[in-house]
Amino acid sequence: GENVEQHPSTLSVQEGDSAVIKCTYSDSASNYFPWYKQELGKRPQLIIDIRSNVGEKKDQRIAVTLNKTAKHFSLHITETQPEDSAVYFCAASKGGGSNYKLTFGKGTLLTVNP
Amino acid sequence: GAVVSQHPSRVICKSGTSVKIECRSLDFQATTMFWYRQFPKQSLMLMATSNEGSKATYEQGVEKDKFLINHASLTLSTLTVTSAHPEDSSFYICSARGGNWGESYNEQFFGPGTRLTVL
């Protein structure tokens, strides 16, 4: 089955700096890569996603890049703010017979220091 | 749009009892629903996938007789934890996939989660 590795497990940055979280996946058939932000005790919130037919996607301060050849994708947050502090999860899925199930990385605890 | 609710949000029960958790898609018909378990400071682990009207598909290591899943309609799935024990205490989260709506066909919409504590 699919295996998603995520690094780093913790990341501490100063407000205004950039943060980068990286994930690798094992199944070359995976074609959908969402990123979620989860605050303590809350549901995961989709912040950005990318499909395999696109190499990069940006939404204001958040961007995701995908390298299908190397099977890795990254989340970039620019101009970080204290409210960006949370746990971030990457995930991968493929369609068809797998029912589009998501395989999650282990998460990155991001702390943005004022 | 695309709202998923879960009930209850929090439950405390005695060891040996059964607990039912409901997951509802409020404004769309869910082709597929998923149940996850999340232990403190850990990732979401998929327990099972269910499609309306058919038996759930359980992930390896998940006891299907202990975690009963029913997906009776396109808007409701239930997870029953039978004979709960303290080690079943966890955060249970459901999600729903709407179907083949253009670019949204992969996206899962998550419920707010249920905190289960077994004494």
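Return the only residue of B:PHE28, B:PHE67, B:PHE39 being buried (at least 18 other Cβ atoms within 10 Å of the Cβ), out of contact with any Lys or Arg (no Cβ under 8 Å at 6 or more places or on another chain) and over 22 Å from A:GLY95 (Cα atoms). One residue alone meets the criteria, B:PHE67.
Output the residue which, of all residues in segment A:72-86 that are over 12 Å from A:ILE47 (Cβ atoms) and surrounded by 16 or more Cβ atoms within 10 Å (Cβ to Cβ), is farthest from the other protein chains (Cβ to nearest Cβ).
Quick first cut of segment A:72-86, residues over 12 Å from A:ILE47 (Cβ atoms) only: A:72-74, A:78-83, A:85.
Filter once more, keeping what is surrounded by 16 or more Cβ atoms within 10 Å (Cβ to Cβ): A:72-74, A:80, A:85.
Details: A:HIS72: 18, A:PHE73: 14, A:SER74: 18, A:THR80: 22, A:SER85: 15 Å.
Step by step, filter segment A:72-86, then rank; the result is A:THR80.
Under the condition of being surrounded by fewer than 16 Cβ atoms within 10 Å (Cβ to Cβ) and more than 9 Å from chain B (Cβ to nearest Cβ), the residues counted in segment A:87-114 number 5. Within segment A:45-67, residues that are modelled with pLDDT under 95 sit with their Cβ atoms under 9 Å from residues that are assigned to a loop (DSSP other than H, G, I, E, B) and hydroxyl-bearing (Ser, Thr, Tyr), at 6+ positions apart or across chains, in these pairs: A:SER52/A:SER30.
Would you check if there is a residue in segment A:76-88 being part of a strand (DSSP E or B), closer than 19 Å to B:PRO112 by Cα, under 12 Å from the mean Cα position of the chain (by Cα) and of a type outside the set (Asp, Glu)?
Going residue by residue through segment A:76-88, those that are part of a strand (DSSP E or B) are A:76-77, A:86-88.
Those left that are additionally closer than 19 Å to B:PRO112 by Cα: A:86-88.
Imposing the further condition that a residue be under 12 Å from the mean Cα position of the chain (by Cα) reduces the set to A:87-88.
Narrowing further to those that are of a type outside the set (Asp, Glu): A:87-88.
Yes, segment A:76-88 has at least one match.
If I ask for residues that are touching a residue at least 60 places away in the same chain (Cβ under 8 Å) and assigned to a loop (DSSP other than H, G, I, E, B), which ones from segment A:2-44 would you list? Residues satisfying the conditions are A:GLU2, A:ASN3, A:PRO8, A:SER9, A:GLU15, A:GLY16, A:ASP17, A:SER18, A:ASP27, A:ALA29, A:SER30, A:ASN31.
Annotation note: of A:GLU5, A:GLU15, the sole residue that is loosely packed, with under 15 Cβ neighbours inside 10 Å and under 24 Å from B:PHE39 (Cα atoms) is A:GLU5.
The values are calculated or read from the model by the stated rules, or taken from the named source; none is laboratory data. As the structure is a computational prediction, the values presented were derived from the model and not from experiment. Cβ: placed from backbone, ideal geometry, glycine included. Neighbour counts: every protein chain shown.
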